[in-house]
Structure formats: structure tokens, C-alpha cells
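Asks: Take a look at the following structure, please.
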Amino acid sequence: MKKILRQRKRILTLLLTGILILGLCSPVCLQAATDNGEEYKAFWFSFYDYEDYLSRYKTPSATTFKSYFKKVVKKGKSLGMNRIIVQVRPFSDAMYKSKYFPWSKYISGKQGRSPGFDPLAIMVSTAHKQNMKIEAWINPYRVTTGSVNYKKLAKKNPARKWSQSKKTRRNVLSYGGSLYYNPAKPEVRKLIVNGVKEIVQNYEVDGIHMDDYFYPSFSKRNVNKAFDAKEYKASSMKKSGKSIVTFRRRQVNTLVKQIHAAVKSINPNVTFGISPAGNIDNLTSKYSYYVDINRWLNSTKYVDYICPQIYWGFKHPTAKFDKVTDRWVKAAKSGKVKLYIGIAVYRAGHNIGSGKAEKKEWKKDSNVLKKQVLYARSKKCDGFAFFDYQDLVSPVSKKAVEKLRTVLK
């Protein structure tokens, strides 16, 4: 049997080498063919982490950013991680030179101002040199948080431009003191998809990653009146008797499907995954998110993976880590989509949670992160993502992170 397996392995190697020589398969394709069995062990690098960089280096430069990010990757590898998810579009802005979005203030200090270098190019190169994969993380709809002042946006920000014309004004919506791109507008979808295309075309990223900011939350009182209700009322779906809930889910589905198709048309080896909120009931609610999670998990046309943010402990009164994980495992049983578990490093060592028992768990139990990994593995989950980098290096979470290292290395 061992001899047969060795022969098969040799034949496969020869075939792959031959395909590569013939120019039918890139080195990326060869790599993908040989590392499919590797457990996904990622950590998020968010706009908070860029803020930390700017606080250390008042004047950003390619040299200091490269030095900073080398330490980030080195830390991840020392913990056993093999992938980093870097936020590149947090607020209708960009951490790279974009045709569509202005430079982010989180890398230059002011939206629209160039930092004088390309952070994403540096991050991709640095990660790959240290044999770590890298995903570009976008926030599709969020324009601002806690402000509806368009003048605070860069003049070239598409949201600000659209707000200045009556024809395009509803491409951006104000709700709850924040600004969002309107999910029901085709121009918005085109913008978001084009932004993804330019990343995959111009940078050797291993994946595109989207987080949990979809529709904001509504109430029974305003669910049929607020936000994109005007677009719904004018739609063919309304005329055919479909509910506004179905309408909103279709808007999100359309965008997600278009992004997946765009990524695969450029490079089939680049993954597209989403990290939604961890509570399935919230995702499928009539009042928030409008994430058609069961459709995504039972199809190959939307995402390659789902990474729910299961940010609760085993002692949470209503959303225990094990019970929530079990539910996701059951939902993903078709196997068409990989299931990774998002874990809250930011809670470890802190007196945070719902009720005394969960607060004590996060504060006192230094094994909490380790236990979560072991539990998810016992349920055959495909990997993990940890939020976020600053918490992996924080003295507060140090004990829990050291225990976590023992099951990741």
C-alpha cells in the first residue's frame, strides 16, 4: 500500500510539474494544489492596528511601515498562524492606491492624503516573504460611523460626490447617525465590485475578506419605512408581492454573488470569504443584516468560506460558545463552504461578558481561547480567525495567548 501511495504521489508531482512547464498552471496554482489540507489559522489586522502604527510613527514612511509590519507577521508566525487578514477598505477609503476610493486617514492621518507609499504592496510582499498568506479585508457598505457630515469626507470620495447630485443622492443613506452605501442601488454594487477587482488584479493577495457590516438594525416601527424602503416600494419585487425582507436579502445576495464571480474570473485560486455576526438568528432576522446564510452555506456561488464571529464564552447565558458552534456546524453540513470560527482574543483577560459567570471566564480562565480551539476542532471545523493583532500582543491577554499558542504551533 505504501509503495502504491508513493507511486501516486510521484505521478501527481510529475503531472503538476509538466502542467507548470507547459504554462497551463501558475506557481500559485501549484501551491494551491499542495496545501489544501492545511488548517486555516488567521488573525485580523484592523484599522485600529494602523492607528497604533501612526501613534508610534507620526510621519508615515515605507521604511517604518515595513519594519512595523514585519514584526506583525513575525508575531503571528510565532503563535502558529499561517494567514493574516488586513483591513484595506474600512470606511469607503483605501490602504492602497485606488482608482475608486480615497486614501484612508488611518494610514496617512487625513482621508484623501497619500502616505507616500503603498501599504498593501508592502504587506503582501512582507507576508509572502515570511511564507504567510494574506487576505484583503473590505467593508462594503460602511461610509462613516457617528457622523453624517459629507464635508469630512475627501472630495474624491464617491459617497461625497454622489451626495452632490440629486440623481445619485440616494446611493448613500443616512441612518442612525452614520452614512451607508445603499445596498439597493446597482451603481453601489458596481463600485464595490470594481474595488474588489482592482485589488485582485493589482496585488497578489490570497483572498478577499468581507466582515459583518451589512444592513443596519431596524425596529418593528420603522422596518418598512427606513433606509432603502423607497427603492423597495418602486421595485418589481414589491409589485409581485415579495416582502421588504426578501428584497433586502436579495440585494445582499446579488452583491456577494457578483464579488465571488469577479474574484474567480480574475484568479480562481483567490478565495472569497465572509465573517458574519455569530448569532444565526440575528442574521436571519426580519430587522437586521439580511444575510441569507443558509443559501450561502449550501452553494458554491457565493463564498468559499464563512467565519462567524463567535465572540462569547462557554458560560454566556444564552449564546454559549459550544452551542453556537454546534449550530454553525449543523448549518454548514453540506460541506460546500469551509467553516472557520472567529474567536475573540480581545475579551481574554478582561472583565467582560454577560453575567458574572461569563465575565469570570474571560477574566480568570487563561485556557479559554485554547478550549475554544479544541472544541471547534472536535467538531471538525476547518480553521480559525482571531481578533485582533493588538490583543495578541496585549499584556492583558498574554496568559491566554500563550496557552493558545500551544494548540496552534
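Asks: Give the carbon-plus-sulfur fraction of the accessible surface of the chain in %, rounded to a whole number; probe 1.4 Å, heavy atoms of protein chains only.
Replies: 52 percent
Asks: Sticking with this structure for a sec: What accessible area, in Å² to the nearest ten, does a 1.4 Å probe give for ARG113?
Replies: Accessible area, nearest 10 Å²: 120 Å².
Asks: Under the definition of Cα pairs under 8 Å and six or more residues apart, what whole-number percent is the relative contact order of the chain?
Replies: Over the chain, the number comes to 14 percent.
Asks: Return the single residue from ILE107, ILE343, ILE280 with maximal mean-square fluctuation; model: Gaussian network over the chain, springs between Cα atoms under 10 Å.
Replies: In the Gaussian network model the winner is ILE280.
Asks: Per residue, how large is the accessible surface of segment 269-409? Use a 1.4 angstrom probe and give square angstrom.
Replies: 44 Å²
Asks: Can you compute the FRET efficiency between VAL407 and ALA261 using 1/(1 + (r/R0)^6), with r the Cβ-Cβ distance and R0 = 45 Å? Round to the nearest 0.05.
Replies: 0.75
Asks: What spacing in nm lies between the two simple spin-label points modelled at ARG56 and SER354, each 7 Å away from Cα in the Cβ direction?
Replies: Distance between the two pseudo-spin positions: 3.6 nm.
Asks: For VAL143, list long-range residues whose amide hydrogen, built 1.01 Å from N in the peptide plane, is under 5 Å from its own amide hydrogen.
Replies: Placed amide hydrogens put LEU179, TYR180, TYR181 under 5 Å from VAL143.
Asks: About its Cα centre, how strong a charge dipole does segment 341-380 have in debye, to the nearest 20, once Lys and Arg get +1 and Asp and Glu get -1 at the Cβ?
Replies: Value, rounded to 20: 120 debye.
Asks: Modelling each spin label as a point 7 Å along the Cα-to-Cβ direction, I'd like the VAL193/HIS128 distance in nm, to one decimal.
Replies: Once both label points are built, they end up 2.7 nm from each other.
Asks: Can you give the extra length, in nm with one decimal, that the chain gains between LYS75 and THR254 once fully stretched, where that is 0.36 nm per residue apart less the Cα-Cα distance?
Replies: Taking 0.36 nm per residue and subtracting the Cα distance, the gain is 60.7 nm.
Asks: If the elastic network links every pair of Cα atoms under 10 Å, which of GLY112, GLY273, GLY335 fluctuates the most in the Gaussian network model of the chain?
Replies: Its mean-square fluctuation being the largest, the pick is GLY335.
Asks: Using only Cα atoms, locate the centre of segment 314-345 and the centre of segment 151-198, then give the distance between them in Å, rounded to an integer.
Replies: Segment 314-345 and segment 151-198 have Cα centres spaced 34 Å from each other.
Asks: With charges set only on the Cβ (+1 for Lys and Arg, -1 for Asp and Glu), what does the dipole of segment 171-315 come to about its Cα centre, in debye to the nearest 20?
Replies: Roughly 980 debye for segment 171-315.
Asks: Roughly speaking, what is the stretch gain from ARG377 to LYS323, that is 0.36 nm per residue apart minus the C-alpha to C-alpha distance, in nm to one decimal?
Replies: 18.0 nm
Asks: FRET efficiency for LYS99 and LYS167, Cβ-Cβ distance as r, R0 = 25 Å, nearest 0.05?
Replies: Between LYS99 and LYS167 the formula returns 0.70.
Asks: Can you give me the distance in nm between label points at LYS399 and ARG113, each placed 7 Å from the Cα along the Cα-to-Cβ direction?
Replies: In this crude label model, LYS399 to ARG113 measures out at 4.2 nm.
Asks: Applying 1/(1 + (r/R0)^6) with R0 = 22 Å to the Cβ-Cβ distance of SER299 and ALA234, what FRET efficiency is obtained, to the nearest 0.05?
Replies: 0.15
Asks: Assigning unit charges at the beta carbon (Lys, Arg +1; Asp, Glu -1) and nothing else, what dipole magnitude in debye, to the nearest 20, does the chain show about its Cα centre?
Replies: 660 debye
Asks: If we count every other residue with Cβ under 10 angstrom of VAL303's Cβ, Lys/Arg +1 and Asp/Glu -1, where does the sum land?
Replies: +3
The values are calculated or read from the model by the stated rules, or taken from the named source; none is laboratory data. What you see is a predicted model, and the numbers here were worked out from it, not measured in a lab. Quick reminder, even Gly has a Cβ in these numbers, built from the backbone with ideal geometry, and neighbours come from all protein chains shown. The area values use the complete protein model at the heavy-atom level, side chains included, leaving out ligands, DNA and RNA. Shrake-Rupley method; radii C 1.70, N 1.55, O 1.52, S 1.80 Å.
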